[in-house]
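For reference, the structure is listed below as structure tokens.
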Amino acid sequence: MIRALSLILAASVIASPALAEGLRLRLEYSTNGAWSPASSLDTALGFQNRTTGSGSARLMWDKNIGSFRFEVHSHMAFSQGDNVAYATALAPFVPTPAPSTLYNLTSTWLTNSNTRVTNTIDRLSVTYSTTNLVLKVGRQAITWGSGTVFHPSDIVAPFSPSAIDTAYKPGADMIYAQYLFDNGADIQAIAVPRAATLGGPVAFGSSTYAARMQMQLGSLDTRVMLARDRGDSVGSLGLSGALGGASWNAEYVRWVLASGASHPSWLFNISNFGTLGEMNISYFGEYFHNGFGVGAAVPLDSLPASLTKRMSTGQVFLPGVDFLALGAMVQMTADLSITPSALVSLDDRSALAALAVAYTLGDNTNLVFNYSQPIGPVGTEFGGRETTAGSGIYGTGSRSATLQLVHFF
């Protein structure tokens, strides 16, 4: 019923001239190629080389009426090529995802061996705001934390460290409240109800409840979070400040599981900007310790339950322990930028190297090329963990190239 009402509302917005004010459209098409080594799980499954075309149309509407703001996003996505069948073949080898949100607002319009077309109501919310108070109910996105690549305190649908398209975070059904103090501090609270199984009743042990306060302590920006997430407790402390002409951020996040086990994670990053000849350049370095992580010698089917749970919820993406992320963006011209980056496992010196080239074709059109390649022998973090001890088959990352065209209306 919720899904049907959402689609009716989206259609009403399009049909009504009065409501059509505030309507926007983002179109995206990309083509991707991926190439895996002979020892990889991908090759064992029959997908050593893959090519896929995919696209999406995100129809967005928002409107302010007095103290209220209404927002709806309808996101249609299609994929055609090897990745459709590959996702099905790979599913038994990855942690089973728990329901990420309460309502299923995704409709599958077409699916077969190499084609999939879906439509998702990705935003559906109403916001009430005054000078000091914000209340927002419905499907929405929230981002917490100050990590550049890793996001240990962003506990609701964070982006992967290797994500290519981060324009829109996936929406989740939640209640959000924020109170703004006159001194610039604020406190935020969220309730993200979920069911233990898709379509079931709300379960406290599957939901997320969190509060976060931001304030200024001397020269430091300070953030404190306390949360109850899927039956476990988590608290974090974040600090930010200046270091000469640069900026630094630090976060400490401590998970205490229902079993009583404790898993602390932390990160520290420094970012700066300057010039390289006549070109503008920004650059950063970030260290991250994954409190749930284990060494690369542990096979994929022997990862501890605490780690596989956080990987299934999308809160941990890499099973290793210590990482260094490095990156820069060089503005070659007003329309052309180049962004090299690398994720390095400090445990075994393997890495994931990437290069992004973005070119502005017009005021509303962007062309982006991304290339990534794992570096390191099998048995390392990015060279690939063995799927099962002694199997000789490794969960190795693929060389990947993606060309993406984005247009806004």
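The values are calculated or read from the model by the stated rules, or taken from the named source; none is laboratory data. Just so it is clear, the structure is predicted and the values come from calculations on it, not from any experiment. Positions of Cβ are generated from backbone atoms using ideal geometry, with glycine treated the same way; all protein chains shown enter the neighbour counts.
Output the number of residues of segment 323-339 satisfying the condition of being without any contact (Cβ under 8 Å) to a residue 40 or more places away in the chain and buried (at least 20 other Cβ atoms within 10 Å of the Cβ).
Number of matching residues: 1.
Can you tell me which residue in segment 261-278 is farthest from the chain's Cα centre (by Cα), limited to those that are at pLDDT 95 or above and of a type in the set (Gly, Ala, Ser)?
ALA261
Kindly establish whether ARG116 is without any contact (Cβ under 8 Å) to a residue 40 or more places away in the chain and either on the phi > 0 side of the Ramachandran plot or in contact with a Leu (Cβ under 6 Å, 6 or more places away or on another chain) (or both).
So ARG116 does not fit the description; no.
Only strands (runs of 3 or more DSSP E) wholly contained in segment 211-319 count here; list those with 3 or more residues that are touching a residue at least 40 places away in the same chain (Cβ under 8 Å) and touching a helix residue (DSSP H, G or I) at 6+ places or on another chain (Cβ under 6 Å).
none
Do we have GLY320 as crowded, with 17+ Cβ neighbours inside 10 Å, touching a Phe, Trp or Tyr at 6+ places or on another chain (Cβ under 7 Å) and not β-branched (Val, Ile, Thr) here?
no
Tell me which residues, restricted to segment 381-409, are surrounded by 16 or more Cβ atoms within 10 Å (Cβ to Cβ), over 24 Å from the mean Cα position of the chain (by Cα) and either closer than 20 Å to ALA163 by Cα or hydroxyl-bearing (Ser, Thr, Tyr) (or both).
Hits for segment 381-409 are THR387, TYR394.
On the basis of being surrounded by 19 or more Cβ atoms within 10 Å (Cβ to Cβ) and under 24 Å from THR402 (Cα atoms), does ASN119 make the cut?
It is true that ASN119 is surrounded by 19 or more Cβ atoms within 10 Å (Cβ to Cβ) and under 24 Å from THR402 (Cα atoms).
In segment 218-235, what count of residues is obtained for those that are under 21 Å from the mean Cα position of the chain (by Cα) and farther than 20 Å from GLY205 by Cα?
1
Identify the residue in segment 194-248 that is more than 21 Å from GLY171 (Cβ to Cβ) and among the acidic types (Asp, Glu) and, among all such residues, is surrounded by the most Cβ atoms within 10 Å (Cβ to Cβ).
Residue satisfying both the conditions and the ranking: ASP232.
Between a residue in segment 134-157 that is modelled with pLDDT of 95 or more and surrounded by fewer than 19 Cβ atoms within 10 Å (Cβ to Cβ) and any residue that is assigned to a loop (DSSP other than H, G, I, E, B) and aliphatic (A, V, I, L, M), which pairs come within a Cβ distance under 9 Å, given they are 6 or more apart or on different chains?
ALA141/VAL156; ALA141/ALA157
Determine, yes or no, whether ASN370 is of a type outside the set (Val, Ile, Thr) and buried (at least 20 other Cβ atoms within 10 Å of the Cβ).
yes
Could you list all residues from segment 372-399 that are among the hydroxyl-bearing types (Ser, Thr, Tyr) and in contact with a Ser or Thr (Cβ under 7 Å, 6 or more places away or on another chain)?
Of everything in segment 372-399, those that are among the hydroxyl-bearing types (Ser, Thr, Tyr) and in contact with a Ser or Thr (Cβ under 7 Å, 6 or more places away or on another chain) turn out to be SER372, THR380, TYR394, THR396, SER398.
In the set LEU124, LEU90, LEU105, which member is over 24 Å from ASN366 (Cα atoms) and either touching a Pro at 6+ places or on another chain (Cβ under 7 Å) or surrounded by fewer than 21 Cβ atoms within 10 Å (Cβ to Cβ) (or both)?
Matching residue, one of LEU124, LEU90, LEU105: LEU90.
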